[in-house]
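> Take a look at this one; I'll ask things after.
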Amino acid sequence: MQKENNVEKYVLPDLDYDYGALEPHISAKIMELHHDKHHLAYVNGANQALEGLKEAQETKNFARVAALEHALAFNLSGHILHSLFWKNLSPHGGGRPDGALAQAIDRDFGSFEGLKGQFTNAAMTTMGSGWAALVWDPAGKRLMTTEIHDHQSETTTGGIPIMVLDAWEHAYYLQYHNDKARFFEAIWNVWNWKDIAARFERARTADFGLAATVSSKKGG
Ligand code: MN
């Protein structure tokens, strides 16, 4: 965030790599448009919504607040997800995670292939525009996959996204056209497991004081 006239502004983060660094899996043209145009639009949209909210609060125009909060949720969630997506990817990515993340994946999905199948399916079956996400659920203390519709609906309250995949058409159409399954397969060559594991570690060690599961007796 950047301070301007006493209002905190969101800013577009730079990529950690060149536009063409993820080729052949994601083309330079897609990366350039996706980051410089699409992501920027969400940053601007979030800042506009914040400005509008500030004005509505100052003028006590509370009737406008619900629509502005919806606009903020859509645009700020878009900003957050894209920022996460760029960090989740690396030209030196691919392969498999190890350590605590690998153990949690085995526990919660049966195997790495289980995660890959479930996560890819979430991306494939997202209706309209959305994302697939690997989420840490602090209430149940487990990893889950989820579909995110647009940028913000269908998420469990408190869930922390640690790995996200943009399934909007702008993420792949220039290169993969209607064959999104090929994009969702190619992405596994560029996952930055180091970044994803670090996010997992931060998420699982934080205590948000949310509802916790109780153990249940089997066969009862
Ligand atoms: Mn996108």
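> Does Asp150 meet the test of being of a type in the set (Asp, Glu) and farther than 27 Å from Pro24 by Cβ? If you could, list the steps in order and put the result at the bottom.
Details: of a type in the set (Asp, Glu): yes; farther than 27 Å from Pro24 by Cβ: yes.
Yes, satisfied.
> Among Ala104, Ala132, which is the only one that is open to solvent by less than 30 Å² (accessible area, probe 1.4 Å), within 16 Å of the ligand (Cβ to nearest atom) and in contact (Cβ under 8 Å) with a residue 12 or more places away in the chain?
Working: Ala104 fails: within 16 Å of the ligand (Cβ to nearest atom).
Answer to the check: Ala132.
> Let me ask something else. Hey, can you tell me all the residues within region 169-208 that are surrounded by fewer than 16 Cβ atoms within 10 Å (Cβ to Cβ), touching a residue at least 40 places away in the same chain (Cβ under 8 Å) and within 16 Å of the ligand (Cβ to nearest atom)?
Those that are surrounded by fewer than 16 Cβ atoms within 10 Å (Cβ to Cβ), touching a residue at least 40 places away in the same chain (Cβ under 8 Å) and within 16 Å of the ligand (Cβ to nearest atom): Glu169, His170, Leu174.
> Within region 110-127, is even one residue within 14 Å of the ligand (Cβ to nearest atom), open to solvent by 50 Å² or more (accessible area, probe 1.4 Å) and of a type outside the set (S, T, N, Q)? Before the answer, list the steps.
Step one: of region 110-127, the residues within 14 Å of the ligand (Cβ to nearest atom) are 123, 126.
Checking which are open to solvent by 50 Å² or more (accessible area, probe 1.4 Å) leaves us with none.
Checked region 110-127: no residue is within 14 Å of the ligand (Cβ to nearest atom), open to solvent by 50 Å² or more (accessible area, probe 1.4 Å) and of a type outside the set (S, T, N, Q).
> Hey, another quick one. Residue under question is Asp137, and the condition is that it be under 18 Å from Ala212 (Cα atoms) and without any contact (Cβ under 8 Å) to a residue 40 or more places away in the chain; does it hold?
Spelling it out, Asp137 is indeed under 18 Å from Ala212 (Cα atoms) and without any contact (Cβ under 8 Å) to a residue 40 or more places away in the chain.
> Further, regarding this structure: Scan region 2-28 for residues that are modelled with pLDDT of 95 or more and acidic (Asp, Glu) and jot them down.
Asp14, Asp16, Asp18, Glu23
> Hey, could you check region 44-81 for residues that are polar (S, T, N, Q) and closer than 28 Å to Arg199 by Cα and say which is nearest to the chain's Cα centre (by Cα)? Full working, then the answer.
Step one: of region 44-81, the residues polar (S, T, N, Q) are 44, 47-48, 57, 59, 61, 75, 77.
Keeping just the survivors that are closer than 28 Å to Arg199 by Cα gives 44, 47, 75, 77.
On the way: Asn44: 18, Asn47: 19, Asn75: 13, Ser77: 8 Å.
The selected residue is Ser77.
> In addition: Condition check: under 21 Å from the mean Cα position of the chain (by Cα) and open to solvent by 70 Å² or more (accessible area, probe 1.4 Å). Does Asp16 satisfy that? Spell out the reasoning first.
Working: under 21 Å from the mean Cα position of the chain (by Cα): yes; open to solvent by 70 Å² or more (accessible area, probe 1.4 Å): yes.
It is true that Asp16 is under 21 Å from the mean Cα position of the chain (by Cα) and open to solvent by 70 Å² or more (accessible area, probe 1.4 Å).
> In this structure, does Asp195 turn out to be among the acidic types (Asp, Glu) and closer than 22 Å to Asp16 by Cα? Before the answer, list the steps.
Values: among the acidic types (Asp, Glu): yes; closer than 22 Å to Asp16 by Cα: yes.
Spelling it out, Asp195 is indeed among the acidic types (Asp, Glu) and closer than 22 Å to Asp16 by Cα.
> Within region 26-39, track down each residue that is away from the ligand (no atom under 12 Å from the Cβ), in contact (Cβ under 8 Å) with a residue 60 or more places away in the chain and part of a helix (DSSP H, G or I).
Lys29
> In this structure, does Tyr42 turn out to be among the aromatic types (Phe, Trp, Tyr) and either at pLDDT below 95 or more than 16 Å from the ligand (Cβ to nearest atom) (or both)?
Here the answer is no, as Tyr42 does not meet what is asked.
> Is one or more of the residues making up region 72-84 surrounded by 17 or more Cβ atoms within 10 Å (Cβ to Cβ), more than 16 Å from the ligand (Cβ to nearest atom) and closer than 22 Å to Gly158 by Cα?
Residues of region 72-84 that are surrounded by 17 or more Cβ atoms within 10 Å (Cβ to Cβ), as a first pass: 72, 74-84.
Subset that is more than 16 Å from the ligand (Cβ to nearest atom): 72.
Those left that are additionally closer than 22 Å to Gly158 by Cα: 72.
Among the residues of region 72-84, at least one is surrounded by 17 or more Cβ atoms within 10 Å (Cβ to Cβ), more than 16 Å from the ligand (Cβ to nearest atom) and closer than 22 Å to Gly158 by Cα, which makes the answer yes.
> Another question, if that's okay. Considering only region 135-153, state which residues are open to solvent by less than 40 Å² (accessible area, probe 1.4 Å), within 22 Å of Glu169 (Cβ to Cβ) and within 11 Å of the chain's Cα centre (by Cα). Steps first, please.
Of region 135-153, the ones open to solvent by less than 40 Å² (accessible area, probe 1.4 Å) are 135-140, 143, 145-146, 148, 151.
From the residues that got through so far, the ones that are within 22 Å of Glu169 (Cβ to Cβ) too are 145-146, 148, 151.
Answer for region 135-153, where residues must be open to solvent by less than 40 Å² (accessible area, probe 1.4 Å), within 22 Å of Glu169 (Cβ to Cβ) and within 11 Å of the chain's Cα centre (by Cα): Thr146, Ile148, His151.
> Where residues in region 45-68 are aliphatic (A, V, I, L, M), open to solvent by less than 80 Å² (accessible area, probe 1.4 Å) and more than 15 Å from Leu81 (Cα to Cα), which of them is nearest to the ligand (Cβ to nearest atom)?
Taking region 45-68 as the starting set, the residues that turn out to be aliphatic (A, V, I, L, M) are 46, 49-50, 53, 56, 63, 65-68.
Pick out the ones that are also open to solvent by less than 80 Å² (accessible area, probe 1.4 Å) and you get 46, 49-50, 53, 56, 65-68.
The next check asks that each one be more than 15 Å from Leu81 (Cα to Cα); those that pass are 49-50, 53, 56, 65-68.
Working: Ala49: 18, Leu50: 21, Leu53: 24, Ala56: 28, Val65: 27, Ala66: 25, Ala67: 23, Leu68: 22 Å.
Step by step, filter region 45-68, then rank; the result is Ala49.
> Then there is this: More than 16 Å from the ligand (Cβ to nearest atom), out of contact with any Gly (no Cβ under 6 Å at 6 or more places or on another chain) and on the phi > 0 side of the Ramachandran plot, is that true of Gly99?
Criteria met by Gly99.
The values are calculated or read from the model by the stated rules, or taken from the named source; none is laboratory data. Just so it is clear, the structure is predicted and the values come from calculations on it, not from any experiment. So basically every Cβ, Gly included, is an ideal-geometry build from the backbone, and we count neighbours across all protein chains shown. Calculation scope for accessible area: heavy atoms of the full protein, side chains included, ligands and nucleic acids excluded. Shrake-Rupley method; radii C 1.70, N 1.55, O 1.52, S 1.80 Å.
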